[in-house]
1. Of the residues P279, P216, which is more than 29 Å from the chain's Cα centre (by Cα), more than 13 Å from P439 (Cα to Cα) and surrounded by fewer than 16 Cβ atoms within 10 Å (Cβ to Cβ)?
2. Please give the strands (runs of 3 or more DSSP E) falling wholly within the stretch 195-274 in which 3 or more residues are without any contact (Cβ under 8 Å) to a residue 12 or more places away in the chain and of a type in the set (S, T, N, Q).
3. Without any contact (Cβ under 8 Å) to a residue 60 or more places away in the chain, surrounded by fewer than 18 Cβ atoms within 10 Å (Cβ to Cβ) and in contact with a Ser or Thr (Cβ under 8 Å, 6 or more places away or on another chain): does that describe H119?
4. May I ask you to say which residue of R285, R292, R323 is surrounded by 19 or more Cβ atoms within 10 Å (Cβ to Cβ), in contact with a Phe, Trp or Tyr (Cβ under 9 Å, 6 or more places away or on another chain) and either at pLDDT 95 or above or not aliphatic (A, V, I, L, M) (or both)?
5. Here are some residues: A380, A373. Which one is under 16 Å from V339 (Cβ atoms), touching a Pro at 6+ places or on another chain (Cβ under 6 Å) and among the aliphatic types (A, V, I, L, M)?
6. Go through (1) surrounded by fewer than 21 Cβ atoms within 10 Å (Cβ to Cβ); (2) touching an Asp or Glu at 6+ places or on another chain (Cβ under 8 Å); (3) at pLDDT below 95 for N383 and report which single condition fails.
7. Among the residues of the stretch 403-425 satisfying the criterion of being in a loop (DSSP other than H, G, I, E, B), touching an Asp or Glu at 6+ places or on another chain (Cβ under 9 Å) and among the hydrophobic types (A, V, I, L, M, F, W, C), which is farthest from V290 (Cα to Cα)?
Amino acid sequence: MGAHDELIENLTFDELHAGQQAQAVRTLTMADIQAFALVSGDVNPAHVDHDYAEGTRFHGVIAHGMWAGALISSLLGTEFPGPGTIYLSQDLHFHRPVRVGDTLTVCLTVLAKDEATRHVTLDCRVRNQQGEEVVSGEARVRAPSAKVARPRVALPALHLFDPEARLSAWVQALVRGPLQAAALPCAVVHPCDEPALRGALEAAAHGLIAPRLLGPVARLQALAATLGLSLDGLVLEDLPHSHAAAQRGVELAARGEVALLMKGSLHTDELMHAVVAEPRLRTGRRLSHVFRFEVPAYPRPLLVTDAAVNIAPTLDEKADIVRNAVALAQALGVARPKVALLSAVETVTPRLPSTLDAAALCKMADRGQIAGAELDGPLAFDNAISAEAARIKGIDSPVAGAADILVVPDLESGNMLAKQLEYLAGAASCGVVLGARVPIALTSRADSAASRLASAALAALVAWQGRQGAVPAASPAARP
């Protein structure tokens, strides 16, 4: 029997007797706190604001009276006595706070019955995992007279998701882990607006990069002063305009003086033209961009490529795009990523060249020309991210519904997909360009400082693992 077919059945007044008990167990999560706050309007910072609660004795504490009362009410309404019960009154006493991670056991015991009114008085007790009493008291209800057994109502799924918070948590995990105090030398190219400058300085404050700011120094200093930011101790190189800053950043990377580049407030093509024109930065790989998304309705980080560099890639270029994305996924800890090769349909047809490319890429993977990943395609977007959509369409695929990487047919479709994920689906993103001798933290000029910080973390991870020999610059199967 599926969850939507589960029956809820009541106990009538006549079936209840003194001393009869029922129990329910529930573990409190942060999602519970957030859902409770959304429904009740209780936004007491001691309950929901981590920064406020961190320094108080209420850290992680919910309004435990209301929460415990809701658990008692749930048990009364769904099971004991169950459907048809009318809640009349309660008298509860709250003894201890409830914190995230606490497991509560709710116990209801029938104390007395009134035959004339069908009123039932119940003892209510809630204990935590240590057996400590959290809540005690009594509740009075009117018990149902008629038996009810019916399927549990199938409620819509409630997605409580803060993509910015999850992106921030990922960055913090890198800072505490492999990138702890890495402070890799980084050329920040023309950071002449607030998000670009703030993102670079936040990356430096997190110990991810040691930034060298390239741009008109007077303008950078004036911007920092306006924003209340300090440039003390940082290396600033006075370059008159964005073109000169791009050339200087590429020169520093070619000399090995910086381990990564970070795009500031200049156009993407201006920086990338400088990179492409420098032969010392070339490898056997095609340059390509990879977005890393935290998507509210998707259970794992999602990589999307290429939505920023290659306009209409050929089959050979798509092979490199896949290789770059696979290397990034492996750097992020996905040993054998699942790669969905997207098209408008999931069948191979000569009328859609992207379906032919997808089929060819799968065969290349079968022959070892693309290694370290599970490829499938062509897949439509719904099949790639929804196992149910794939099942309905009769698609039997290890990638469908579980993709780690989405490879788009061209830049136009990729750019539209990326912006839809961000602006309509509430996704948080960061991005990096791979295939050169150094990774390039590359974001849109409209991206926030938080996105730029995360992009710097992504590029720093690639640069750090490259220094450890974990992320090869090119593969044997790459083009000469």
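1. On the way: P216 fails: surrounded by fewer than 16 Cβ atoms within 10 Å (Cβ to Cβ).
After ruling out the rest, the residue left standing is P279.
2. Details: elements: 209-215, 235-238, 260-263.
Ranges flagged: none.
3. On the way: without any contact (Cβ under 8 Å) to a residue 60 or more places away in the chain: yes; surrounded by fewer than 18 Cβ atoms within 10 Å (Cβ to Cβ): yes; in contact with a Ser or Thr (Cβ under 8 Å, 6 or more places away or on another chain): no.
Spelling it out, it is not the case that H119 is without any contact (Cβ under 8 Å) to a residue 60 or more places away in the chain, surrounded by fewer than 18 Cβ atoms within 10 Å (Cβ to Cβ) and in contact with a Ser or Thr (Cβ under 8 Å, 6 or more places away or on another chain).
4. On the way: R285 fails: in contact with a Phe, Trp or Tyr (Cβ under 9 Å, 6 or more places away or on another chain); R323 fails: in contact with a Phe, Trp or Tyr (Cβ under 9 Å, 6 or more places away or on another chain).
Going through R285, R292, R323 in turn, the sole match is R292.
5. Numbers: A380 fails: touching a Pro at 6+ places or on another chain (Cβ under 6 Å).
That would be A373, the only listed residue that is under 16 Å from V339 (Cβ atoms), touching a Pro at 6+ places or on another chain (Cβ under 6 Å) and among the aliphatic types (A, V, I, L, M).
6. So the condition that N383 fails would be (1).
7. So, considering only residues that are in a loop (DSSP other than H, G, I, E, B), touching an Asp or Glu at 6+ places or on another chain (Cβ under 9 Å) and among the hydrophobic types (A, V, I, L, M, F, W, C), the one farthest from V290 (Cα to Cα) is A403.
Results for (1) assigned to a loop (DSSP other than H, G, I, E, B); (2) within 19 Å of A380 (Cα to Cα); (3) of a type in the set (D, E, K, R), shown as yes or no for each residue.
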{"position": "Y298", "(1), (2), (3)": "yes, yes, no"}
{"position": "V304", "(1), (2), (3)": "no, yes, no"}
{"position": "E317", "(1), (2), (3)": "no, no, yes"}
{"position": "V322", "(1), (2), (3)": "no, yes, no"}
{"position": "A340", "(1), (2), (3)": "no, yes, no"}
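The values are calculated or read from the model by the stated rules, or taken from the named source; none is laboratory data. Remember, it's a predicted structure, so these values are computed and weren't measured experimentally. Because the Cβ atoms are built from the backbone with ideal geometry, glycine has one as well, and the counts that use them run over all protein chains shown.
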